[in-house]
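The values are calculated or read from the model by the stated rules, or taken from the named source; none is laboratory data. On a predicted model such as this, the values are computed, not experimentally measured, just so you know. Virtual Cβ from ideal backbone geometry, glycine too; neighbours counted across all protein chains shown.
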Number of protein chains: 2
Amino acid sequence: MHSFQELSIAFANYFGTDHFPQTPGSLYDPNRYFLQLGGKRIRPILVLMGNELFDDIKTDAWPVANAIELFHNFTLIHDDIMDAAPLRRGMPTVHEKYGTHTALLAGDVMLVKAYEYLNQVDKEIASRIIKWFNTTATQVCEGQQLDMDFEKRDDVALEEYIHMIALKTSVLLAGALRMGAIIGGAGKRNADHLYEFGKNLGIAFQIQDDYLDAFGDPEKFGKQVGGDIISNKKTFLLINALSNGNSEQVSAIKSLLEKQAPDKVEKMLGLYRQTGADTLTRNLQKEFFDKAMFHLEEIAVVSSRKKPLMELAEFLIARDY
Amino acid sequence: MHSFQELSIAFANYFGTDHFPQTPGSLYDPNRYFLQLGGKRIRPILVLMGNELFDDIKTDAWPVANAIELFHNFTLIHDDIMDAAPLRRGMPTVHEKYGTHTALLAGDVMLVKAYEYLNQVDKEIASRIIKWFNTTATQVCEGQQLDMDFEKRDDVALEEYIHMIALKTSVLLAGALRMGAIIGGAGKRNADHLYEFGKNLGIAFQIQDDYLDAFGDPEKFGKQVGGDIISNKKTFLLINALSNGNSEQVSAIKSLLEKQAPDKVEKMLGLYRQTGADTLTRNLQKEFFDKAMFHLEEIAVVSSRKKPLMELAEFLIARDY
């Protein structure tokens with residue numbers, strides 16, 4: 001058994017080769033540039049952990065981990081275009097540095113490269129792996145579209161928002177774990193529980209991310225607190241506040257959304273507290289975290305094998321900042 | 001054995017189902033819209049023809065044909081974004097009708113859907129089929145990037161241009177035939193010759209397309225003659241004229257490219273004739289067509305099986321308009 005940190009080092013070594021040909025550089029240099037911006041590589045490591053929950057890490061796990069990481073980077077390149085984001089990890093995004101058209105194509109070819117790695121998997125399990133990869137990829141696209149749809153609406157219900165977040169961010173974590181489980185020889189029941197662990201953990205993580213953006217300690221959080229409030233981003237806090245506030249509080253929130261007042265963050269934080277949205281959001285996070293842990297419990301393997309996943313879940317969620 | 005027309009009807013029936021879920025409609029309606037714009041469906045039919053050159057059409061050929069057609073439509077949706085094209089088959093393009101971000105995502109999910117169909121192929125040949133699909137898809141992306149790169153250069157050599165056209169348009173025809181050949185049980189030598197047939201035929205077709213845009217009979221050609229000249233598009237004619245004209249002719253061409261004179265088309269056609277670019281382009285077309293037919297000849301099957309491909313090649317190229 002390996003810890004997340006050990007697998008992280010091993011994956012960094014494996015992934016650190018050049019995935020693309022030299023020519024045409026106008027297409028592949030953008031991909032090389034984007035991959036060297038780094039990232040925590042959580043998703044591919046989940047493939048390895050999903051595998052190791054059931055058996056020693058198999059040869060097949062590595063190309064699948066590569067495929068998952070390349071898929072994730074493909075979505076980031078295209079999402080950055082859609083969000084018109086100038087920066088990613090503090091550096092210019094691909095479309096900013098190389099133009100939108102090249103970013104579009106670089107993303108496309110990154111996705112095809114992911115399928116090249118998937119095609120290295122042993123034929124006895126390839127079809128099951130590719131099936132889950134496709135399902136996950138489709139759901140991530142659906143989640144991104146719903147996210148764009150929701151930005152134009154001010155009546156998004158909490159359940160709709162949870163569904164969108166699950167598609168956009170959590171199913172990839174869940175799918176990575178499930179592909180690892182398939183490689184490790186897990187049966188359907190265990191693979192289903194592992195999938196639900198990943199999905200619920202991902203939702204809990206996203207709720208926490210929204211919470212910390214508003215109420216986190218700026219020094220520990222590592223980015224500007226209140227950024228979501230300033231940019232009018234839909235978050236669990238905002239949706240909870242809109243659906244639980246009284247009519248006076250809801251109008252106050254809506255008028256804050258309409259203009260950039262200098263005390264906007266402070267006032268919105270006050271409204272989140274008055275409407276109870278802060279507590280509701282914390283409770284929601286706990287609810288999904290507990291669901292995740294329930295599904296991890298349910299997996300029928302000796303509990304020592306679950307230790308790395310348990311530690312990862314606590315590391316991701318139990319942060320006090 | 002079936003003719004192109006017979007296979008065309010059969011494929012239209014098979015392909016005419018709904019490939020996408022109902023929800024979210026904001027993502028999938030654009031895909032349904034684009035697919036119902038139609039098209040000649042040449043590429044998927046080449047899968048069926050490649051298969052039938054060697055054996056009766058197998059079950060596997062149909063989902064692969066679907067995958068090829070969806071891949072082709074994915075490239076059209078994304079290319080239309082890059083070309084800022086307002087119309088496709090006389091109707092608004094996806095980005096024009098639904099916005100660029102949705103068009104980007106709709107294309108992405110169309111590509112994933114192509115891989116879903118590929119994943120239905122029998123596991124004994126799935127890996128070879130997916131390998132060729134990936135190779136082809138990668139080359140198409142490379143071709144599109146080179147095309148964009150070349151638009152910014154005025155010193156593109158004929159060989160570079162042929163290479164770009166081969167990647168952007170011909171390898172998909174060639175790849176479709178090869179996937180069909182693999183399904184039909186062809187050996188490597190036969191599959192290689194069939195691939196080269198498709199690749200050279202595709203290049204010959206593109207050269208003819210460039211030629212007819214300038215010198216075709218407008219009534220038979222079905223679109224505005226001289227459109228490439230008006231839009232300064234790089235074509236085989238322009239590249240031949242620039243590389244074979246004397247210095248006076250080259251300056252005349254370059255000054256025509258710089259402004260939109262009312263007699264631009266007429267003058268450019270004159271220069272294509274004076275530089276011999278018209279004859280060079282016709283000869284080049286014949287050269288690639290002959291190469292294609294040579295490779296078709298070389299395929300070791302009874303000649304009656306080659307008849308539908310021979311007829312298709314002559315239909316595509318020997319048009320007198």
Original post:
So which residues in the range B:109-128 are buried (at least 22 other Cβ atoms within 10 Å of the Cβ), closer than 13 Å to B:Gly180 by Cα and under 24 Å from the mean Cα position of the chain (by Cα), if there are any at all?
Top reply: B:Leu118
Original post:
What single numbered condition from (1) under 30 Å from A:Val301 (Cα atoms); (2) exposed (fewer than 15 other Cβ atoms within 10 Å of the Cβ); (3) within 14 Å of chain B (Cβ to nearest Cβ) fails to hold for A:Lys188?
Top reply: (3)
Subject >> Positions within the range A:71-100 being among the small types (Gly, Ala, Ser) and surrounded by 17 or more Cβ atoms within 10 Å (Cβ to Cβ), in sequence order >> reply: none
Original post:
Within the range A:109-125, how many residues are more than 7 Å from every other protein chain (Cβ to nearest Cβ) and in contact with a Pro (Cβ under 9 Å, 6 or more places away or on another chain)?
Top reply: 4
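Take B:Asp278 and decide whether it is within 23 Å of B:Glu160 (Cα to Cα), crowded, with 17+ Cβ neighbours inside 10 Å and at pLDDT below 95.
Judged against the criteria, B:Asp278 is not a match.
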**OP:** Please enumerate the residues belonging to the range B:133-152 that are more than 7 Å from chain A (Cβ to nearest Cβ) and either hydroxyl-bearing (Ser, Thr, Tyr) or surrounded by fewer than 21 Cβ atoms within 10 Å (Cβ to Cβ) (or both).
**Re:** B:Thr135, B:Thr136, B:Gln139, B:Asp147, B:Phe150, B:Glu151, B:Lys152
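Farther than 18 Å from A:Phe315 by Cα, acidic (Asp, Glu) and either in contact with a Leu (Cβ under 7 Å, 6 or more places away or on another chain) or not in a helix (DSSP H, G or I) (or both): is that true of A:Asp56 in this structure?
It is true that A:Asp56 is farther than 18 Å from A:Phe315 by Cα, acidic (Asp, Glu) and either in contact with a Leu (Cβ under 7 Å, 6 or more places away or on another chain) or not in a helix (DSSP H, G or I) (or both).
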Original post:
Residues in the range A:78-98: is at least one assigned to a helix (DSSP H, G or I) and among the polar types (S, T, N, Q)?
Top reply: no
Original post:
Out of (1) under 28 Å from A:Ala106 (Cβ atoms); (2) modelled with pLDDT of 95 or more, the odd one out for B:Gly39 is which?
Top reply: (2)
Subject >> Candidate set: the range A:200-234, residues that are of a type in the set (Asp, Glu) and closer than 22 Å to A:Ile253 by Cβ; chosen: the one nearest to the chain's Cα centre (by Cα) >> reply: A:Asp209
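For the range A:232-321, list the helices (runs of 4 or more DSSP H) that sit wholly inside it and hold at least 1 residues that are touching a residue at least 60 places away in the same chain (Cβ under 8 Å) and more than 30 Å from A:Asp55 (Cβ to Cβ); which are they? Write out each step before concluding.
Working: elements: A:236-244, A:247-258, A:264-274, A:277-298, A:307-317.
Answer list for the range A:232-321: A:236-244, A:247-258, A:277-298.
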**OP:** Go over the candidates A:His163, A:His193 one by one and state the one that is in a helix (DSSP H, G or I) and either surrounded by fewer than 17 Cβ atoms within 10 Å (Cβ to Cβ) or on the phi > 0 side of the Ramachandran plot (or both).
**Re:** A:His163
**OP:** State all residues of the range B:120-160 that are small (Gly, Ala, Ser), closer than 26 Å to B:Glu287 by Cα and part of a helix (DSSP H, G or I); if no residue qualifies, say none.
**Re:** B:Gly143
Subject >> Residue selected from the range B:142-174 under the condition free of Cβ contacts under 8 Å to residues at least 40 places away in the same chain and hydrophobic (A, V, I, L, M, F, W, C), by the criterion nearest to B:Phe197 (Cα to Cα) >> reply: B:Ala174
Subject >> Matching residues in the range A:27-40 - criterion: being crowded, with 18+ Cβ neighbours inside 10 Å and in contact with an Asp or Glu (Cβ under 8 Å, 6 or more places away or on another chain) >> reply: A:Leu27
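Within the range A:94-108, track down each residue that is among the acidic types (Asp, Glu) and within 7 Å of another protein chain (Cβ to nearest Cβ).
A:Asp108
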Original post:
Taking interchain pairs and intrachain pairs at least six residues apart, which have beta carbon atoms under 7 angstrom, with the first residue in the range B:80-91 and more than 15 Å from A:Leu105 (Cα to Cα) and the second loosely packed, with under 14 Cβ neighbours inside 10 Å?
Top reply: B:Arg89/B:Gly38
Original post:
Do we have any residue at all in the range A:13-25 that's within 14 Å of chain B (Cβ to nearest Cβ), touching a residue at least 12 places away in the same chain (Cβ under 8 Å) and touching a His at 6+ places or on another chain (Cβ under 9 Å)?
Top reply: no
Subject >> Selection status of A:Met91, more than 25 Å from B:Ser127 (Cβ to Cβ) and within 17 Å of the chain's Cα centre (by Cα) >> reply: no
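Identify all residues within the range B:61-93 that are away from every other protein chain (no Cβ under 13 Å) and aliphatic (A, V, I, L, M); write none if there are none.
B:Ala61, B:Val64, B:Ala65, B:Ile68, B:Leu87, B:Met91
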Subject >> Search result, residues across the range B:41-53 that are closer than 20 Å to B:Ala137 by Cα and either without any contact (Cβ under 8 Å) to a residue 12 or more places away in the chain or surrounded by fewer than 24 Cβ atoms within 10 Å (Cβ to Cβ) (or both) >> reply: B:Arg41, B:Ile42, B:Arg43
